[in-house]
2 protein chains.
Amino acid sequence: MIIDIHGHYTTEPQAVHLFRDKQLAGLADPARKPTTTDLGISDEALVKSVEPQLKFQKERGSDVTVFSPRASGMAHHVGTEAIGVQWSRVSNDLIHRICTLLPENFVGVGQLPQFPGAPIENCIPELERVVNELGFVGVNLNPDPSGGYWQAPPLTDRYWYPIYERMCDLEVPAMIHVTSSCNPAVHHTGAHYLNADTTAFMQLLQGDLFKDFPQLRFVIPHGGGAVPFHWGRYRGLAQDMKKPLLTEHLLKNVFFDTCVYHYPGIELMTRVIPVDNILFASEMVGAVKGIDPETGHHFDDTRRYVDQVKALSAEDRRKIFEGNARRVYPRLDRTLARRGRK
Amino acid sequence: MIIDIHGHYTTEPQAVHLFRDKQLAGLADPARKPTTTDLGISDEALVKSVEPQLKFQKERGSDVTVFSPRASGMAHHVGTEAIGVQWSRVSNDLIHRICTLLPENFVGVGQLPQFPGAPIENCIPELERVVNELGFVGVNLNPDPSGGYWQAPPLTDRYWYPIYERMCDLEVPAMIHVTSSCNPAVHHTGAHYLNADTTAFMQLLQGDLFKDFPQLRFVIPHGGGAVPFHWGRYRGLAQDMKKPLLTEHLLKNVFFDTCVYHYPGIELMTRVIPVDNILFASEMVGAVKGIDPETGHHFDDTRRYVDQVKALSAEDRRKIFEGNARRVYPRLDRTLARRGRK
């Protein structure tokens with residue numbers, strides 16, 4: 001089977017945006033706050049809203065998408081912490097309903113109510129809720145809740161340890177994923193996302209986090225930002241810093257997805273990153289929506305690129321498409337097994 | 001001939017660091033300010049300080065290095081604007097002396113006294129001095145003088161226009177290069193440099209700067225950060241934003257260097273970036289100093305990677321090693337021509 005580990009709910013019904021507008025309008029005028037968190041979206045409307053994803057799954061031959069709220073919609077830097085808590089619950093509940101309505105197609109990953117400067121402990125109740133009550137298999141963790149100004153301590157700082165402890169207890173990995181950028185110098189999908197991937201990897205390289213958390217697992221999306229392209233630089237920096245080889249130092253705990261939107265990028269990735277560390281993903285419907293005039297196919301139809309890499313064996317491909325995801329997300333494996341997909 | 005367009009003076013004599021310490025100590029105690037900008041470094045000491053670079057030039061077969069002050073040493077975010085003006089002059093003067101002592105080996109590129117929040121006009125006197133008086137062929141332009149917090153407007157903002165106008169008048173390109181990071185979340189050579197490359201490219205993609213400045217030229221170092229690895233993403237984002245093809249929109253004005261420290265990275269780059277936009281560089285002695293145990297050669301011996309790319313013709317290689325640099329840096333071309341290197 002083919003598991004796409006990186007999909008966001010980017011096709012929400014208008015009611016979601018209207019709710020968010022009311023939430024934020026309430027900051028200026030409390031009279032405009034939403035009076036209910038019931039968005040009034042029917043099951044039919046929810047199913048209809050994900051038709052684009054279902055169509056792409058069918059056309060491209062993927063089976064199940066690991067699905068989380070719109071990444072740029074998390075906007076941890078906006079409003080107040082209380083608004084973020086409510087917004088996370090509403091967003092995660094929508095994902096849960098979709099995963100319940102279409103259990104063959106979607107498995108949930110949660111948004112956390114991070115807030116700049118707030119203790120990460122404050123996210124633990126929502127982490128526990130999405131895993132224990134909603135059956136989610138992972139969370140998105142934002143290394144820069146300031147939205148493009150990098151005010152948070154690095155991921156190796158003890159600030160983050162409480163959430164790591166609970167993630168390990170619950171056996172859920174985190175995808176390291178920033179949200180929208182409120183910094184006019186930094187475009188979200190064209191710079192901030194890739195920079196965050198790169199920055200997070202380097203933070204981990206500098207530290208020794210996995211000595212403290214050998215069970216902790218991170219997925220770095222968008223092919224790891226700049227990392228595979230600069231794999232020699234990172235091997236060299238680790239060596240200069242007297243760190244172990246990256247395979248030992250990081251690659252038991254750090255994984256990369258295949259959201260790289262052209263064949264040469266995916267081919268490079270498979271050459272330098274061990275196959276056990278690559279997880280198939282497309283981020284559809286996501287950052288790049290168009291058709292590549294050079295190929296006649298969607299830029300984000302990443303399965304085609306993986307299929308084209310001749311150096312991959314059938315077993316390699318099985319790992320990238322399915323096996324690695326089931327290993328990195330143990331709760332995903334169990335969810336699929338319960339549905340008869342051993 | 002082989003021109004390495006990206007070298008920094010990272011082997012400065014101790015006297016340079018002592019001067020900088022005095023400068024910054026003077027912020028707390030004016031009695032400790034340096035009493036002179038004469039660092040007391042003899043010509044012999046200067047020539048001796050660049051022996052590592054001369055040795056690598058000889059061993060690796062490059063002829064001339066386009067040489068600028070230590071990138072992380074620029075530290076535009078440190079101290080006061082007046083200190084930065086003095087520091088830039090001292091740093092540029094050292095480069096000038098080296099280029100004068102070893103004219104076959106080094107051609108100068110300047111550091112600008114940028115300061116967070118200060119008008120970019122304040123850099124024009126030093127720009128004119130390094131070009132008109134010191135014979136430099138380019139400058140380093142820092143898109144984030146805040147040192148890792150991204151407080152400056154994007155490079156397409158009119159804030160920057162005065163320096164672009166003078167650069168065009170003087171026929172000098174800028175290498176887009178940040179300096180050290182004062183942000184504990186963002187490592188300088190492992191994250192900030194690459195992020196800046198990526199961010200700058202996306203800023204240019206979003207804007208239409210080269211309509212206003214068709215003669216302006218930027219070199220994005222470190223292989224363009226994440227850009228070539230995500231070339232499909234950038235082509236797709238440009239298409240979604242109704243921009244022209246990147247070849248039209250940016251590649252008449254934006255160039256990438258080859259500071260990518262492994263063969264697969266360089267190979268990818270030559271596959272997706274037109275050969276006319278790739279300039280040879282190694283950044284030696286720079287970010288990664290060690291020997292790659294997988295090859296037995298220095299990570300930053302980038303000539304080996306370019307030599308290995310079989311798909312490049314002799315003419316392609318001549319462009320990457322020499323021709324493109326002479327076109328992008330017209331003053332470099334004239335300097336070399338005056339020395340009989342037509």
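Computed values, structure above
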quantity	calculated
Net +/- balance of residues flanking residue B:48 in space, Cβ distance below 14 Å, scoring K and R +1, D and E -1	-2
Span per principal axis, largest first, for the Cα atoms of the stretch A:82-139 (Å)	39, 18, 14
Separation of alpha-carbon centers, the stretch B:205-279 and the stretch B:158-189, rounded to whole Å	17
Positive-end residue of B:49, B:295, B:11, charge dipole of chain B with Cβ unit charges	B:295
Local electrostatic count, residue A:326, Cβ distance below 14 Å [Lys/Arg +1, Asp/Glu -1]	+4
Distance histogram for the stretch A:126-183 (every C-alpha pair counted, 10 angstrom bins, percent rounded to whole numbers)	22, 48, 27, 3
Square roots of 5 times each gyration tensor eigenvalue, C-alpha, the stretch B:1-153, largest first, Å	26, 19, 14
nm² value of the averaged projected area, convex hull over the Cα atoms of the stretch A:231-342	8.6
Along each principal axis, Cα extent of the stretch B:130-225, largest first, Å	39, 32, 24
Estimated FRET transfer efficiency when R0 is 45 angstrom, pair residue A:315-residue B:45 (beta carbons, to 0.05)	0.15
For chain A, calculated [θ]222 nm from helices alone, where every DSSP H run of n ≥ 4 adds -39500 (n - 2.57)	-11500 deg cm²/dmol
Translational diffusion coefficient (Stokes-Einstein; Kirkwood radius from C-alpha pairs) of the stretch A:256-318 at 4 °C, 1.567 mPa s, in µm²/s	109
Residues with amide H under 5 Å from that of residue A:138, placed H, sequence gap 5 or more	A:110
Range of Cα positions in the protein assembly as shown per principal axis (Å), largest first	76, 56, 49
Between the stretch B:280-311 and the stretch B:3-57, the alpha-carbon center distance in angstrom	26
Whole-Å semi-axes of the ellipsoid equivalent to chain B (Cα gyration tensor, √5λ, descending)	29, 25, 19
10 Å Cβ neighbours from other chains, averaged over peptide B:269-275	2
Reach of residue B:22 by Cα under 17 Å, taken over aspartates and glutamates that are not fewer than 8 positions away in the same chain	B:12, B:38, B:81
Over 23 Å [Cα-Cα, the stretch A:27-114], rounded percent	31
Radius 14 Å from Cβ of residue A:156, net charge of other residues (Lys, Arg +1; Asp, Glu -1)	0
For the stretch A:67-213, the fraction of alpha-carbon pairs in successive 10 Å shells from zero, as %	12, 42, 36, 10, 0
18 Å Cα cut-off, lysine pairs counted over the stretch B:227-342 (separation 8 or more, or different chains)	4
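Taken together, the values in this text are just the output of simple stated rules run on the coordinates, not laboratory data. Predicted, not measured: the structure shown is a model, and the values here were computed from it. We place every Cβ from the backbone using ideal geometry, glycine too, and count neighbours over all the protein chains shown.
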